[in-house]
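First the structure, in the form of structure tokens, and then the observations on it.
The values are calculated or read from the model by the stated rules, or taken from the named source; none is laboratory data. As the structure is a computational prediction, the values presented were derived from the model and not from experiment. Glycine also receives a Cβ, built like all others from the backbone with ideal geometry; neighbour counts cover every protein chain displayed.
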Amino acid sequence: MRWINKNFLKLCAYLIISFIVFILVVVIQAWPKSTLIAYEPSVLLLDTNENFLAQFESKHQGESKGYGYWFHDQLPKRFVDATLALEDRDFYSHVGVDFSAVIRAFWQNLINAQRISGASTITMQVVRGQNPAERNYWNKLIEAVAAIIMTQRYGRDAVLDQYLKIVPYANQIHGAQYASRKYFNKTTADLSWAQIALLAAIPQNPTLMNPLRYTSRQRAIKRGKSILLYLHQQQLIDEVQYELAMIQIEQILPPESENRPLLAMHAILHVQKLLENNAINLDDTIKKQPLLVSSLDLAIQKKVNDVSSQYINWFRAKGASNVAIIVLDQSNLQVKAWLGSDDYSNDQQFGKIDYTQVKRSPGSTLKPHIYAMALDQNIITPATVLDDLPNSETLIRNADYQFLGPMLPRQALSNSRNVPVVNLTNQIGLSRVYSFLSELQLHQNNQPSSFYGNAIAIGSMSVTLEELINSYSVYSQKGHYQALKWFEWQNPHKVKILSEQVGDLISLFLSDSQARLPTFPRMGTSEYPYDVAVKTGTSQHFKDAWTVAYSKKYIVAAWVGNANMTSMDGLSGSASAAVLAKDVLLSLQDTSTASDEFVTPKGYQSVLLCSVSGLLASKNCPSKTQEWMLPSQIPTEFDHSFEKVLNEDQSQSLKVNLPARYDLWLSSHNQYSQLKHLQGNQGEFLSDQTKIKFDIRQPKSDSILIMNPEMPKSMQFTQFKAQVSPRLEQIVWYVNSEVYQTASYPYTINFELIPGVYDVQIGVPNSPEKSEVRRVTIIQ
């Protein structure tokens, strides 16, 4: 005692200093925890019909925080009343800590020798929610002091708003707005009193009151009823509202479990990547509650997936392992379907690779862009003659090892001839072509143009399926290029690339089934019952097969190939990817809804040209093309390539006058050898004086063919066979009096089995002489 009396002042000083230091330590530790943290709201992604696609986790400083954290435009009063009813009734009167509740909780815990109550206010829960720590008395003290500071720093409304943003509602869901959307598909303002009471009950113990589990939901309902009773006692709801809510809360059913649809997994992951890389800019309003209704349509996605599933086994038998398909709405370039692989879960076939994003050789699919550029810059006109002739300088050959001689741009593009487009690339200039393809976002100038060379038009430069389909959209967007849209509110920048008229002209070229002859058969995978522009492509050694097909309503791009870039067994674009694109388009747009035709270019006039010379067609020209041209481009001279001559026997012959560069080609191909004699002055071409004998070996007359129900419809063919004497270089197969396909010796062709009755004939090209009719009936 003597020592205490002697050192009393020092002791008091020590105690005061220790207390001050203690307080400072507590405040120093509590201050950072009193800051309101702005969490990144999580994204809830829906399809265009508001079906669930995915939810993306919220993050803070790189750490995942679960789902939710949506903002409130203003505090939802009814939800606030229900939340405070049992959770913190004195919230607006205490300083952030309810000291009477703390004392009561401490006493209960002490006499029971265990934790019975925590006495946490809403402010303290905010502190703990933002700064999780071990539950002990020291951390509780820090939490309490931080709550007091937080209340003084921000005010009670801001703290309550933060609570309603971050409080857990079970199933990794945080925040009232997000919970309301996930459990009831409503905003908090639209909830009934019963729904509000059930949600307000969950935060007390989210695990024990999980509304997705029956027993837990019963606990939440019981607590919700207590909330309703308190609200009624406080006259916050009237008698009618109370009785109705007490009935409704018993009838609340849990929402159906929402899982990411596997068939749209690549699309979901692609959107997530775009959001993470800020490639899709969300405005401030959307950022607060990022409920994103995408353009993706799960109904269309399922159709695309079904088409892929129908053919994938047949493709794999031919050496392909996977497919990718993209479908766009042609009017606004919104993505409607995005199939990155046939089956995302198939690891054996590398299904998790999104093949829409893999750069591969596009084969011939870039050819339309070369022609569009040349037409737009007046390097050629629709009447310019392009040579499909052997070229010893470029050593470029065509896929069929044949050369078709003089061709107009419509035929050269539709027949997908390699030689004319490479010659055209040389004429334009490789660097100019390369620059134009850059404007179409097909490359990012990572290599010089010389790296790809003039073969850039036939597949030397790799592209992705997304880049390819996006580049084709310039023909529907009046010559403008814009990025694809995933959301209605996106407003991507548009860049003028081509004139609208040239875009329309390219669409007419690519939709002309007659212009594809003789390379591609009629009634094949590129022909539709309504206007569809189609371009196929096959990379070297059959490593990749491509097709882009578009109508006035949709644009579809398809790819078939292997992850390891190995060759397929002869699967070309027209034999595989075109099948996918055709079935997808026909499933989306049947003939009854597809009456829109491609428009003719504004200001262009119709003109009949001779396909051999590009001049106005004379009556002697055996091959005529109706073309659309600007008035200033229309030739004024009539064709003189074909001349009537009088033979000694007074019969008339047709003399072919082509420039000297065609001499070697004419001598080896003799394309016009069957056009020697004319009948009178009617312009009808007959065969040589030797009588030609036709014999259709297959089909037999009045044949009935039955389709195999176990095979895909588009993969069912029969062979038509013929014998002609004397042997001709080519014959024409006619189906129902229309040209079906030109065939070289031995004249065999494949005919797709489509239910119907068909009259089949063969004849000499550009001659009225035909065989007898063979009728064949195909039934399903």
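Going through region 758-780 one residue at a time, which ones are in a strand (DSSP E or B) and farther than 15 Å from Thr742 by Cα?
Residues of region 758-780 that are in a strand (DSSP E or B), as a first pass: 758-763, 770, 774-779.
Matches in region 758-780: Tyr758, Asp759, Arg774, Arg775, Val776, Thr777, Ile778, Ile779.
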Self-check item: Residue satisfying condition, being surrounded by 17 or more Cβ atoms within 10 Å (Cβ to Cβ), among the β-branched types (Val, Ile, Thr) and assigned by TED's automatic domain parsing to the domain that holds Gln334, within set Ile428, Ile469
Solution: Ile469
Quiz item: Which one of these is surrounded by 21 or more Cβ atoms within 10 Å (Cβ to Cβ), in the same structural domain as Ser507 (by TED's automatic domain parsing) and either out of contact with any strand residue (DSSP E or B) (no Cβ under 7 Å at 6 or more places or on another chain) or small (Gly, Ala, Ser) (or both): Leu413, Leu437?
Solution: Leu413
Practice problem: Give Asn332, Asn378 a once-over and let me know the one that is surrounded by fewer than 24 Cβ atoms within 10 Å (Cβ to Cβ) and under 30 Å from Pro420 (Cβ atoms). | Solution: Asn378
Exercise. Would you mind telling me which numbered condition in (1) in contact with an Asp or Glu (Cβ under 7 Å, 6 or more places away or on another chain); (2) over 22 Å from Val739 (Cα atoms) Ser513 fails?
Key: (2)
Quiz item: Do any residues in region 303-325 that are free of Cβ contacts under 8 Å to residues at least 60 places away in the same chain have Cβ atoms under 6 Å from those of residues that are outside any strand (DSSP E or B), where the two are at least six apart or on different chains, and which pairs are they?
Solution: Asn305/Leu263; Ile312/Asp342
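Among the candidates Gln241, Gln218, which residue alone is out of contact with any Asp or Glu (no Cβ under 8 Å at 6 or more places or on another chain), assigned to a helix (DSSP H, G or I), assigned by TED's automatic domain parsing to the domain that holds Gly129 and surrounded by fewer than 16 Cβ atoms within 10 Å (Cβ to Cβ)?
After applying the criteria, what remains is Gln218.
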Quiz item: What are the pairs, 6+ residues apart or on separate chains, where a residue within region 443-471 that is on the phi > 0 side of the Ramachandran plot has its Cβ under 9 Å from a residue that is surrounded by fewer than 19 Cβ atoms within 10 Å (Cβ to Cβ) and among the hydroxyl-bearing types (Ser, Thr, Tyr)?
Solution: Asn445/Ser435; Asn445/Ser438; Gly453/Ser460
Exercise. Determine which single condition Gly96 fails, assuming it passes every other condition in (1) at pLDDT 80 or above; (2) surrounded by fewer than 17 Cβ atoms within 10 Å (Cβ to Cβ).
Key: (2)
Practice problem: With respect to Asp81, determine if the residue is in contact (Cβ under 8 Å) with a residue 24 or more places away in the chain, buried (at least 16 other Cβ atoms within 10 Å of the Cβ) and within 27 Å of Ser180 (Cβ to Cβ). | Solution: yes
Self-check item: Contacts under 6 angstrom Cβ, first residue in region 201-213 being over 11 Å from Pro168 (Cβ atoms) and surrounded by fewer than 19 Cβ atoms within 10 Å (Cβ to Cβ), partner small (Gly, Ala, Ser) and at pLDDT 90 or above, 6 or more apart
Solution: Leu208/Ser216
Self-check item: For Ser435: the one exception among (1) hydroxyl-bearing (Ser, Thr, Tyr); (2) in a loop (DSSP other than H, G, I, E, B); (3) under 32 Å from the mean Cα position of the chain (by Cα)
Solution: (2)
Quiz item: Considering Leu510, Leu517, Leu484, which residue is at pLDDT 95 or above, closer than 30 Å to Tyr758 by Cα and not β-branched (Val, Ile, Thr)?
Solution: Leu510
Exercise. Could you identify the single residue in Val335, Val323, Val327 that is assigned to a strand (DSSP E or B), over 20 Å from Met568 (Cα atoms) and touching a Ser or Thr at 6+ places or on another chain (Cβ under 6 Å)?
Key: Val335
Self-check item: Given (1) over 28 Å from Val323 (Cβ atoms); (2) touching a Pro at 6+ places or on another chain (Cβ under 8 Å); (3) part of a loop (DSSP other than H, G, I, E, B), number of the condition Gln501 does not satisfy
Solution: (3)
Quiz item: Can you tell which of Arg397, Arg410 is among the basic types (Lys, Arg) and in contact (Cβ under 8 Å) with a residue 40 or more places away in the chain?
Solution: Arg410
Self-check item: Members of region 628-644 found to be among the charged types (D, E, K, R) and either in contact with a Gly (Cβ under 9 Å, 6 or more places away or on another chain) or without any contact (Cβ under 8 Å) to a residue 12 or more places away in the chain (or both), listed by number
Solution: Asp639
Self-check item: Any hit, region 369-376, residues being assigned to a loop (DSSP other than H, G, I, E, B) and either more than 25 Å from Ala545 (Cβ to Cβ) or touching a residue at least 40 places away in the same chain (Cβ under 8 Å) (or both)
Solution: no
Exercise. Assess whether Ala317 counts as being small (Gly, Ala, Ser), surrounded by fewer than 20 Cβ atoms within 10 Å (Cβ to Cβ) and farther than 27 Å from Gln348 by Cβ.
Key: no
Practice problem: Among what's in region 56-68 and is of a type in the set (S, T, N, Q) and free of Cβ contacts under 8 Å to residues at least 40 places away in the same chain, pick the residue that is surrounded by the fewest Cβ atoms within 10 Å (Cβ to Cβ). | Solution: Gln61
Quiz item: Of all residues in region 165-200, which are within 21 Å of Ile237 (Cα to Cα), buried (at least 21 other Cβ atoms within 10 Å of the Cβ) and of a type in the set (Ser, Thr, Tyr)?
Solution: Ser180, Thr188
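Each row is one residue, and each column tells you yes or no for (1) in contact with a His (Cβ under 9 Å, 6 or more places away or on another chain); (2) surrounded by 16 or more Cβ atoms within 10 Å (Cβ to Cβ); (3) within 29 Å of Val584 (Cβ to Cβ); (4) not assigned by TED's automatic domain parsing to the domain that holds Ala578.
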position: Ala722; (1), (2), (3), (4): no, yes, no, yes
position: Ile731; (1), (2), (3), (4): no, yes, no, yes
position: Glu738; (1), (2), (3), (4): no, no, yes, yes
position: Ser744; (1), (2), (3), (4): no, no, no, yes
position: Asn750; (1), (2), (3), (4): no, no, yes, yes
position: Val764; (1), (2), (3), (4): no, yes, no, yes
Practice problem: Name every residue in region 672-702 that is farther than 30 Å from Leu580 by Cβ and modelled with pLDDT of 75 or more, in order of residue number. | Solution: Ile692, Lys693, Phe694, Asp695, Ile696, Arg697, Lys700, Ser701, Asp702
Self-check item: Residue that is nearest to Arg410 (Cα to Cα) [pool: residues in region 606-624 that are part of a strand (DSSP E or B) and of a type in the set (A, V, I, L, M)]
Solution: Leu609
Practice problem: Go through the residues of region 704-723 one by one and say whether even a single one is under 24 Å from Arg516 (Cβ atoms), hydroxyl-bearing (Ser, Thr, Tyr) and more than 41 Å from the chain's Cα centre (by Cα). | Solution: no
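Of Ile286, Ile280, Ile312, which residue is under 30 Å from Ser180 (Cβ atoms) and assigned to a helix (DSSP H, G or I)?
So the residue among Ile286, Ile280, Ile312 that is under 30 Å from Ser180 (Cβ atoms) and assigned to a helix (DSSP H, G or I) is Ile286.
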Quiz item: Under the condition of being crowded, with 24+ Cβ neighbours inside 10 Å and part of a helix (DSSP H, G or I), which residue from region 352-367 is farthest from the chain's Cα centre (by Cα)?
Solution: Lys367
